[in-house]
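The values are calculated or read from the model by the stated rules, or taken from the named source; none is laboratory data. Small disclaimer: the values here were computed from a predicted structure and weren't measured. Reconstructed Cβ throughout: ideal geometry from the backbone, glycine too, with neighbour counts over all protein chains shown.
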Number of protein chains: 4
Amino acid sequence: MEMADQADRRQALISAAFAAIANEGFEGLRLRPIAAAAGIDHSTLHHYFRTKEDLIAAVLEHVTSQLEGSMRNDLEPAGRLRHHLGAIATAIAERPELFIVLDELDLRARRDVTMAANIKHDEQGWRAALVALFDEGIEQGTWSVDLDVHASVELVIATLKGLRLRPDTAEVVVKQLCDLYSRGASE
Amino acid sequence: MEMADQADRRQALISAAFAAIANEGFEGLRLRPIAAAAGIDHSTLHHYFRTKEDLIAAVLEHVTSQLEGSMRNDLEPAGRLRHHLGAIATAIAERPELFIVLDELDLRARRDVTMAANIKHDEQGWRAALVALFDEGIEQGTWSVDLDVHASVELVIATLKGLRLRPDTAEVVVKQLCDLYSRGASE
Amino acid sequence: MEMADQADRRQALISAAFAAIANEGFEGLRLRPIAAAAGIDHSTLHHYFRTKEDLIAAVLEHVTSQLEGSMRNDLEPAGRLRHHLGAIATAIAERPELFIVLDELDLRARRDVTMAANIKHDEQGWRAALVALFDEGIEQGTWSVDLDVHASVELVIATLKGLRLRPDTAEVVVKQLCDLYSRGASE
Amino acid sequence: MEMADQADRRQALISAAFAAIANEGFEGLRLRPIAAAAGIDHSTLHHYFRTKEDLIAAVLEHVTSQLEGSMRNDLEPAGRLRHHLGAIATAIAERPELFIVLDELDLRARRDVTMAANIKHDEQGWRAALVALFDEGIEQGTWSVDLDVHASVELVIATLKGLRLRPDTAEVVVKQLCDLYSRGASE
DNA sequence: CATGAATGAGGCTTCATTCAT
DNA sequence: AATGAATGAAGCCTCATTCAT
């Protein structure tokens, strides 16, 4: 039981840090309030996370673990794309903070090599799945062989990243993007 | 002449702040180094910008003034879209700092109403131009009347925003987006 | 057997503390690393030494026990002096840490009455032996009756203390001091 | 006039730090009390000394400037030695704090290269003067050509260093050392 | 306009120690 | 005896801002 308490406390700290970043931004991340939110002394926080950086890394881990991709391999390419984009649009709409924080992290990654590495790693998996999706679609005739897979993948990623700050438009934008690819497909 | 000096100094401060944000991020924005970069005492900076926020606002103004849109009204809709997106892709590729800083500013806007207002105002103009572009295209038969103008506008904006952190992919992504709309058009 | 373990552990803590003072100085004495070096939790250290001061006192005891003087009473005064100084010079050269730590302790004694008392006690024995040596030497005609015994004792002590920070010069300095007293003796 | 104030304040900080080291030792050197003693906020201290190390360096400079050697070149070697040692003995007796602090600094030099360099530099001058003194003495027949100059210099230095912690014995010890060299000389 | 000393609030981190287990 | 979570005090340092000059 105590073990659960420990983990809980740790999780509480991560959650508090996550919320702080979401609400106040990276600038506003102060250790004292985080500790207070978890109901402990600010020096005790260092018992769980030796340094501020360690806490931030844990936040990143927490965020990415929540976004673990759901790519349904049982659908054909077009449907899979539609489903995947829809899932992300839904996630953006329902839990925008997740993406806000990811954006802050993304920005910080420009100066923090560790963070950059972690984010890159996470994106790699996503990117690979998208490449496979488009490759398969071309193979099956869903899209023309002329389709630029790399460009398409980057377009999808860029669009989704660009939606982070405007969660309210996520749904329509994603639909529009799907439609464009469907039209290409019907051709 | 001194007036020119004044303006120069002011501009030097803004440039220094801009560079600092581009290189170190918002977190790394310290007034003292900014003043030093402009060759003045850190106290004197407050004669030009009463507060840190004021300086940041000036940086935003500086950034947006550099991005004033070039929407060529002499071209037909499809060409105009292609040209516009190409121009932005070029800008991203050539002066990525501009967009990096814009991203930092965008993120900060979530907590700074003044900044949010300024950014929104700037985007409004952009948005309106895009709406006009698509409306005209539909009117002229470039795109189907079924085209969701609002969604398309947001898609374009989201995509471009999403490119900020990956300036190297800007060109191909923009081309891909144009192609998708061209194909839709050919229909 | 466990008792031996206990003593061993205690000794390990003292040794680790000794090494820490020798290497990092008094400033650098931290309990956690000491405990870690002895392979126990930092909390457990408090079972062996209730407080940091207690541990330091034990270090002093450890150091002085290692320096228990070897004054050979079988030699005549001049030879005894030469032998004694030589022994200390050798000790300084071979185990300089012992003297470094003693110096740190000496300095600290200025503010720590307990330490001051302990050190004073240790020195008292040394001082008495030296007084006896010189007294005997005068009695036997080795040195003139004009020899200031007290001053000579303090000179010897001061010189040896002054050598602590320059272990490499210990040998020649000690030899020089002996020579000065031998010359006085030959008179 | 204000300039004097500035320098005064700076000096006040150095003096306060000096006193703190003398009374509490290096361990007890805290910036806040130092600032308070000088009548300023603890953050203002950083305006005068960017870092704690800088302040310590200033203390060292202050101490050594007070000890600038008084080697009277108008006296013959034996008299010069007697005079020099007497001067230092007097200094130790009258201002023992100076030497206490020097001892703390000396000890710290073992871990602080900058301090070690500064101290070494100061000692170099002293050492050179002593070497010259003994060389001249041998040349003039004051001492035998067999005298080990290097050893004698180190003996003098070690003795004086060893006196730091026992200022009350300085006078007699120094006299005894002089006597030993005089006797050697008379020979 | 320019300076630089001064401020006060606040930042992260470290440490010896205690307490419940 | 041993652990490790928790504490609270304290450490150095930084920053935006103000004020007297």
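The numbered conditions (1) surrounded by fewer than 19 Cβ atoms within 10 Å (Cβ to Cβ); (2) under 18 Å from D:H83 (Cα atoms); (3) at the interface with chain C (Cβ under 9 Å from one of its Cβ atoms) are all true for D:D179 except (1).
Rundown of residues vs (1) over 26 Å from B:I56 (Cα atoms); (2) surrounded by 22 or more Cβ atoms within 10 Å (Cβ to Cβ), yes/no style:
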| position | (1), (2) |
| --- | --- |
| B:A91 | no, no |
| B:E97 | no, no |
| B:L105 | no, yes |
| B:R108 | no, no |
| B:A116 | no, no |
| B:W126 | no, no |
| B:E154 | yes, yes |
| B:G162 | no, yes |
| B:T169 | yes, yes |
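Only one entry in B:E187, B:E154 is modelled with pLDDT of 95 or more, farther than 21 Å from A:H150 by Cβ and among the acidic types (D, E), namely B:E154. Just one of the listed residues (C:R82, C:R95, C:R127) is among the charged types (D, E, K, R) and in contact with a Cys (Cβ under 7 Å, 6 or more places away or on another chain), and it is C:R82. Within region B:1-37, the set of residues being within 14 Å of DNA strand F (Cβ to nearest atom) and in a loop (DSSP other than H, G, I, E, B) comprises B:G25, B:L29, B:R30.
More than 16 Å from DNA strand F (Cβ to nearest atom) and outside the structural domain of A:L180 (by TED's automatic domain parsing): which single residue out of A:I88, A:I56 fits that description? If you could, list the steps in order and put the result at the bottom.
Values: A:I88 fails: outside the structural domain of A:L180 (by TED's automatic domain parsing).
Matching residue, one of A:I88, A:I56: A:I56.
Among the residues making up region D:104-130, those that are within 14 Å of chain C (Cβ to nearest Cβ) and within 19 Å of D:L177 (Cα to Cα) are D:W126, D:R127, D:L130. Right, C:H42: in a loop (DSSP other than H, G, I, E, B), surrounded by fewer than 20 Cβ atoms within 10 Å (Cβ to Cβ) and either of a type in the set (D, E) or not assigned by TED's automatic domain parsing to the domain that holds C:A170 (or both) or not? Criteria met by C:H42.
Inspect all residues belonging to region A:62-81 and state whether any of them is surrounded by 21 or more Cβ atoms within 10 Å (Cβ to Cβ), more than 19 Å from the chain's Cα centre (by Cα), over 28 Å from B:E24 (Cα atoms) and not polar (S, T, N, Q). The answer is yes, given that some residue of region A:62-81 is surrounded by 21 or more Cβ atoms within 10 Å (Cβ to Cβ), more than 19 Å from the chain's Cα centre (by Cα), over 28 Å from B:E24 (Cα atoms) and not polar (S, T, N, Q).
For the structure I just gave you, tell me whether C:L177 is modelled with pLDDT under 95 and hydrophobic (A, V, I, L, M, F, W, C). No: the conditions fail for C:L177. Annotation note: Cβ proximity below 7 Å between a residue of region C:17-46 that is within 14 Å of another protein chain (Cβ to nearest Cβ) and a residue that is near DNA strand E (Cβ under 9 Å from one of its atoms) and in a loop (DSSP other than H, G, I, E, B) (sequence gap 6+ or interchain) occurs for C:A20/C:G28; C:A20/C:L29; C:I21/C:L29; C:R32/C:H42. From the list C:E97, C:E104, the one residue that fits, being within 16 Å of DNA strand E (Cβ to nearest atom), assigned by TED's automatic domain parsing to the domain that holds C:T169 and within 12 Å of the chain's Cα centre (by Cα), is C:E104.
The set of residues from region A:21-55 being of a type in the set (A, V, I, L, M, F, W, C) and within 10 Å of DNA strand E (Cβ to nearest atom) comprises A:L29, A:L31, A:I34, A:A35, A:L45, A:F49, A:L55. If only residues of region B:138-152 that are surrounded by fewer than 23 Cβ atoms within 10 Å (Cβ to Cβ) and in a helix (DSSP H, G or I) are counted, the one that is nearest to the other protein chains (Cβ to nearest Cβ) is B:A151.
Provide a single number: the residues in region C:161-176 that are assigned to a helix (DSSP H, G or I) and more than 7 Å from chain D (Cβ to nearest Cβ).
Applying the first criterion (assigned to a helix (DSSP H, G or I)) to region C:161-176 yields C:161-163, C:167-176.
Then drop every residue that is not more than 7 Å from chain D (Cβ to nearest Cβ), which leaves C:167-168, C:170-171, C:174.
Residues in region C:161-176 being assigned to a helix (DSSP H, G or I) and more than 7 Å from chain D (Cβ to nearest Cβ): 5 in total.
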